[in-house]
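Data first, discussion second: the structure below is written as structure tokens.
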């Protein structure tokens, strides 16, 4: 069972509504945004990044992103997959909360625009619960979410040293970068919906009812996909 | 044995936003052309992208790359309705300016210039940032893009009112949202997987 369109779900866009019709004027953007989501969260090949890692990073990024529907959705999905991990992720995300973008520029005329901000480290009580790979992934995700212009080869070296491979880093980077897109589309479309009070009332009802159920659906689908993979590729 | 990130100490990157063409050097090994399978080729979408280290690095996850590229093309190239191409490129350039992606900003500043013939204004966006006074329409688009680039997003009723005041209808506002949001995806990949370098004339 799959979700038809995560952006519609999170932004509360109902079939046949005005914003639905507008979204469908960019049919590939609509369909391929969802296809990107599927390729990241319900892929044919999970490859070097496990389903739990994917949803753990998503829950962390969505919590940092501050868009309420996305935060609830990804937190709910991780909760279904691994409740203990979901609690840890929520605490760690709270420790990482800040505002972006900030960061430095190569020395020169842009140096006046350098803006300081935190380099996030997962607090030590939670590093063991997350493990090396997820600890490194969360620290990198925080960099990408809030201050991507500070990235350097050393940032990727930390991931490599924590056991991430090049294909795994590409998938992780796409996951965080895609969510940076998806969360903003949801934020933007939600704001547009809210700008029309009548539509907003409809949307809020639809979104609230659908969110909890669909977070469960996503988790079920991911588990099923993971189970299928285990059968195909015995360790 | 962990792998090693690639460094390029012999190359010097730009230290300002420029409209000139730049190169991009990866920090992880891209796929080699000889290693491409049909699945990789499908992910690259355009065969010519096998020459690009950026796309060949992203081809390590070909399914995501393919969907990303098709999303990108429809947001920027589908002009059957909505925002003119130049305005979409202003959203992309403004977003890249705020996030600090010198490479992305250069590419889309060139596209914006090609489609608008307003190189002077585009250069002012690069030089002065999203506060540059360009014209009511571009000001509203750049301001909206900047608000959406913040984490958490600061985009809201004020931005929508300003876009409407500048003459954008809701299809055009959705195009502004999509173009800006997409560059929050693209900027993060370009900024974190490699670096821009000056191309010698």
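Check the stretch A:65-85 and report whether any residue there is part of a loop (DSSP other than H, G, I, E, B) and within 13 Å of chain B (Cβ to nearest Cβ).
yes
Sort out which residues of the stretch A:166-183 are in contact (Cβ under 8 Å) with a residue 40 or more places away in the chain and facing chain B (nearest Cβ under 7 Å), and write them in order of number.
Correct list: A:167, A:171, A:174, A:176, A:178, A:180, A:181.
Select from the stretch A:1-20 the residues that are without any contact (Cβ under 8 Å) to a residue 60 or more places away in the chain and more than 12 Å from chain B (Cβ to nearest Cβ) and list them in ascending order.
A:4, A:5, A:8, A:15, A:16
Within the stretch B:45-71, restricting attention to residues that are surrounded by fewer than 22 Cβ atoms within 10 Å (Cβ to Cβ) and touching a residue at least 40 places away in the same chain (Cβ under 8 Å), which residue is nearest to residue A:31 (Cα to Cα)?
B:54
For the condition at pLDDT 95 or above, more than 16 Å from the chain's Cα centre (by Cα) and not in a helix (DSSP H, G or I), what is the one hit in A:95, A:129, A:121?
Just a single option satisfies the conditions, and that option is A:121.
Tell me, which residue of the stretch B:1-22 that is farther than 21 Å from residue A:165 by Cα and surrounded by fewer than 16 Cβ atoms within 10 Å (Cβ to Cβ) is farthest from the other protein chains (Cβ to nearest Cβ)?
B:21
For the stretch A:21-60, which positions are more than 11 Å from every other protein chain (Cβ to nearest Cβ) and not in a loop (DSSP other than H, G, I, E, B)?
If the condition is that a residue be more than 11 Å from every other protein chain (Cβ to nearest Cβ) and not in a loop (DSSP other than H, G, I, E, B), then A:51, A:52, A:53, A:54, A:55, A:56, A:57, A:58, A:59, A:60 are the ones that fit.
Of the residues that sit in the stretch A:145-162 and are part of a loop (DSSP other than H, G, I, E, B) and more than 7 Å from every other protein chain (Cβ to nearest Cβ), which one is surrounded by the most Cβ atoms within 10 Å (Cβ to Cβ)?
A:147
Please find, among B:179, B:167, the residue that is in contact with a helix residue (DSSP H, G or I) (Cβ under 7 Å, 6 or more places away or on another chain), closer than 20 Å to residue B:118 by Cα and crowded, with 23+ Cβ neighbours inside 10 Å.
Of the residues listed, the single one that is in contact with a helix residue (DSSP H, G or I) (Cβ under 7 Å, 6 or more places away or on another chain), closer than 20 Å to residue B:118 by Cα and crowded, with 23+ Cβ neighbours inside 10 Å is B:179.
For residue A:138, work out the one condition from (1) more than 14 Å from chain B (Cβ to nearest Cβ); (2) farther than 24 Å from residue B:195 by Cβ; (3) touching a residue at least 60 places away in the same chain (Cβ under 8 Å) it doesn't fulfil.
Here residue A:138 meets the rest and fails (2).
For residue B:90, state whether it is more than 8 Å from every other protein chain (Cβ to nearest Cβ), at pLDDT 95 or above and either surrounded by 14 or more Cβ atoms within 10 Å (Cβ to Cβ) or part of a loop (DSSP other than H, G, I, E, B) (or both).
In short, yes.
When residues of the stretch B:138-170 are filtered for being facing another protein chain (nearest Cβ under 7 Å), assigned to a helix (DSSP H, G or I) and within 11 Å of residue A:192 (Cβ to Cβ), how many remain?
Adding up the residues that qualify gives 3.
The values are calculated or read from the model by the stated rules, or taken from the named source; none is laboratory data. Worth saying up front: this structure is predicted, and the values here are computed from it rather than measured. Reconstructed Cβ throughout: ideal geometry from the backbone, glycine too, with neighbour counts over all protein chains shown.
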